[in-house]
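Notes for the one structure printed next.
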Amino acid sequence: MSSARPAPEPGYTKNEMMIAASARTLAGERICFVGVGLPNIVCNLAQRTSAPGLQLVYEAGVFGARPARLPLSIGDPTLVSGSTAVTSMFELFAFYLQAGLIDAAFLGGAQIDRFGNLNTTVIGSYASPKVRLPGSGGACEIAIHARRILVIMRQAARSFVERLDFRTSPGHSGDLAHDRSRGWSGSGPTSVVTDLGTYGFDEETGEMTLLTLHPGVSIDDVRSNTGWDPKVSGELGETPRPSDEELRIIRTELDPEGVATS
Amino acid sequence: MSKLATMRDAVAELVRDGDTVAIEGFTHLICFAAGHEIIRQRRRDLTLARMTPDVIYDQMVGAGVARKLIFSWLGNPGVGSLHAVRRRIEHADPEPLEIEEYSHFGMVCRYVAGASNLPFFPIRSYFESDIPSVNPNIKPMRSPYEGDDEVYVVPPLRPDVTIVHAQRATAQGDAQIWGLLGCQKEAAFAAERVIVVCEEIVDEDVVRRDPNRTAIPGVVVDAVVEEPFACHPSYAQGYYDRDNAFYLDWERISKDPDACAGWIDEWVYGLENHTEYVERMGERWEALRPGERLSGQVNYGDYS
């Protein structure tokens, strides 16, 4: 299996490209369910650029967080200090998530399929797994209730798979009529940002569709790192590079030590 | 009536072989010292319940106290895997570990059902997920009011023992918590027996001045243990920071079964109690001390 990768572009890292591209997809959003790692930086960047009114919600039970440092864990004390509200986890999942208050949420996984279904449970069989992954956490309910799901993950043929080993969190089913009849408050994944490009989902079929390639990335790079023949937009474009301002905020304010971005 | 006890006595009296034990706390207020004492007293065949087993259950599973794990997210938060747990699940090394898994909301609602004396709790999770196919305790149910509205239900979780840590508590067990609340209240009310561990014992007057901050009333508490720094490497908001360096180190330690066993020998079996652990950590505490950020005060009013 080929895993050819393009040479990195000068001037910024792959993670910085992913962060900048993801932050732009949050333009105008109000309430976002945040994960740790890259999504945390993405949301904080969006708050300073594309979505100034963005409220950050953390599953640990924090609404309106203003983290003063980069949290390593989803329950860092910096999320509490200075936040709008601290809730029990019951309240967070019942009143905020299940009741439909969350506009956007970030999910990722060890495996994703062409309809945006995600596996965070096992590689191999459930009974005797080759690799035991963390499992759902809140992912399987976030996938149902957040109005739209944004995926951010590195792309490789072993993670972008034709068939998941286990479906932890549902995406689109491939049958639009079925998807519309589900009655969920969420509409499923709407964007995927990888280190190679950005994707939307086809409005008729719910299939992941390549929208832009990052600078220096070719369509062959994408094909060799995808486990199916990827659908490509008729108007395939190039992802705008991270701007100087985006890079300045990431490097000086959000991740000065380069923990998540290098 | 004072329920003050040492950690050794509280665990000896209230945690028994074969029990279902919940040491809760979501990232925050995870009582590592209680887990270590359970290891030290060589409890066996425990069913360990926690939303996020975290490093404490990796240590307990590695030390051989558990036969089963009930959880919703099995990892080292922000770092990676729990390798002692993974060895048992992936390779039955050194023996199999039974697992029963839910989602976060499913686990929370299991405690809510247990705390509320309900036979099950309905939630809108698990649709089009494979989780119910590997956990038959998660069942679909139609609404008795609107027949086409389907939910999933989860069963109550009633631990034999729940152990929660609080910033402060009275000797009677009235426990006050601030910062992340997790599901400690639900897990405590759901349990048969409850141990409250705290950073500080305070007078009843301190609690009565600020009753909104009380998470758990002494009426459901069996023992109260004063054990400063008992959450390390987890944290207590306003008292000491999460020791992220320790969580990062644990990735390397737990990957190697010998290193894992060596750590438990040195830091658990090799010490009499948590006071010795605190002394041995030495100057580490200074770096974990947060700056001050006081809350404002509110007027409860005097109605005498």
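Listing for the model above:
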{"read-out": "Restricting the range A:184-217 to residues that are farther than 30 Å from A:Phe93 by Cα and out of contact with any Gly (no Cβ under 7 Å at 6 or more places or on another chain), the residue that is surrounded by the fewest Cβ atoms within 10 Å (Cβ to Cβ)", "value": "A:Glu204"}
{"read-out": "Selection within the range B:237-269 - among the charged types (D, E, K, R), in a helix (DSSP H, G or I) and under 16 Å from B:Val85 (Cα atoms)", "value": "B:Glu251, B:Arg252, B:Lys255, B:Asp258"}
{"read-out": "Flag for A:Ser136 being in contact (Cβ under 8 Å) with a residue 24 or more places away in the chain and either on the phi > 0 side of the Ramachandran plot or polar (S, T, N, Q) (or both)", "value": "yes"}
{"read-out": "Sole residue being hydroxyl-bearing (Ser, Thr, Tyr), within 27 Å of A:Ala85 (Cβ to Cβ) and more than 18 Å from the chain's Cα centre (by Cα), chosen from B:Tyr300, B:Tyr247, B:Tyr240", "value": "B:Tyr300"}
{"read-out": "Out of A:Asp113, A:Asp165, sole residue that is of a type in the set (Asp, Glu), within 24 Å of A:Ala21 (Cα to Cα) and touching a residue at least 40 places away in the same chain (Cβ under 8 Å)", "value": "A:Asp113"}
{"read-out": "Any hit, the range B:32-43, residues being at positive phi and among the basic types (Lys, Arg)", "value": "yes"}
{"read-out": "In the range B:76-122, the residues that are in contact (Cβ under 8 Å) with a residue 12 or more places away in the chain and at the interface with chain A (Cβ under 7 Å from one of its Cβ atoms)", "value": "B:Pro77, B:Gly78, B:Glu101, B:Ser103, B:His104, B:Phe105, B:Val108, B:Val112"}
{"read-out": "Pick from the range B:250-279, criterion among the charged types (D, E, K, R) and loosely packed, with under 15 Cβ neighbours inside 10 Å, ranking: farthest from A:Ser81 (Cα to Cα)", "value": "B:Asp258"}
{"read-out": "From the options A:Phe95, A:Phe106, A:Phe90, residue that is in contact with an Asp or Glu (Cβ under 9 Å, 6 or more places away or on another chain) and either surrounded by 23 or more Cβ atoms within 10 Å (Cβ to Cβ) or within 13 Å of another protein chain (Cβ to nearest Cβ) (or both)", "value": "A:Phe90"}
{"read-out": "Set A:Ala127, A:Ala156, A:Ala146, A:Ala139: member being within 11 Å of chain B (Cβ to nearest Cβ), of a type in the set (A, V, I, L, M, F, W, C) and buried (at least 17 other Cβ atoms within 10 Å of the Cβ)", "value": "A:Ala139"}
{"read-out": "Condition met for A:Ser181 (within 14 Å of another protein chain (Cβ to nearest Cβ), loosely packed, with under 14 Cβ neighbours inside 10 Å, small (Gly, Ala, Ser) and over 30 Å from A:Arg132 (Cα atoms))", "value": "yes"}
{"read-out": "Failed condition for A:Gly100, given (1) within 11 Å of chain B (Cβ to nearest Cβ); (2) on the phi < 0 side of the Ramachandran plot; (3) in contact (Cβ under 8 Å) with a residue 40 or more places away in the chain", "value": "(2)"}
{"read-out": "Qualifying positions in the range B:130-148 - within 30 Å of A:Arg163 (Cα to Cα) and modelled with pLDDT under 95", "value": "none"}
{"read-out": "Residues (surrounded by 24 or more Cβ atoms within 10 Å (Cβ to Cβ) and part of a helix (DSSP H, G or I)) located in the range B:34-48", "value": "B:Ala34, B:Gly35, B:His36, B:Glu37, B:Ile38"}
{"read-out": "Qualifying position, being at pLDDT 95 or above, within 14 Å of chain A (Cβ to nearest Cβ) and out of contact with any strand residue (DSSP E or B) (no Cβ under 8 Å at 6 or more places or on another chain), among B:Gly262, B:Gly301, B:Gly291", "value": "B:Gly291"}
{"read-out": "Residue within the range B:230-251 that is away from chain A (no Cβ under 14 Å), modelled with pLDDT of 95 or more and within 27 Å of B:Ala188 (Cβ to Cβ) present", "value": "yes"}
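Yes/no matrix, rows are residues, columns are (1) within 14 Å of chain A (Cβ to nearest Cβ); (2) within 30 Å of A:Cys140 (Cα to Cα); (3) of a type in the set (D, E, K, R):
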residue: B:Pro159; (1), (2), (3): no, yes, no
residue: B:Ala188; (1), (2), (3): yes, yes, no
residue: B:Glu204; (1), (2), (3): no, no, yes
residue: B:Arg209; (1), (2), (3): no, no, yes
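The values are calculated or read from the model by the stated rules, or taken from the named source; none is laboratory data. Just so you know, these numbers come straight off a predicted model, no measurement behind them. Here the Cβ is made from the backbone with ideal geometry for all residues, glycine too, and neighbour counts use every protein chain on show.
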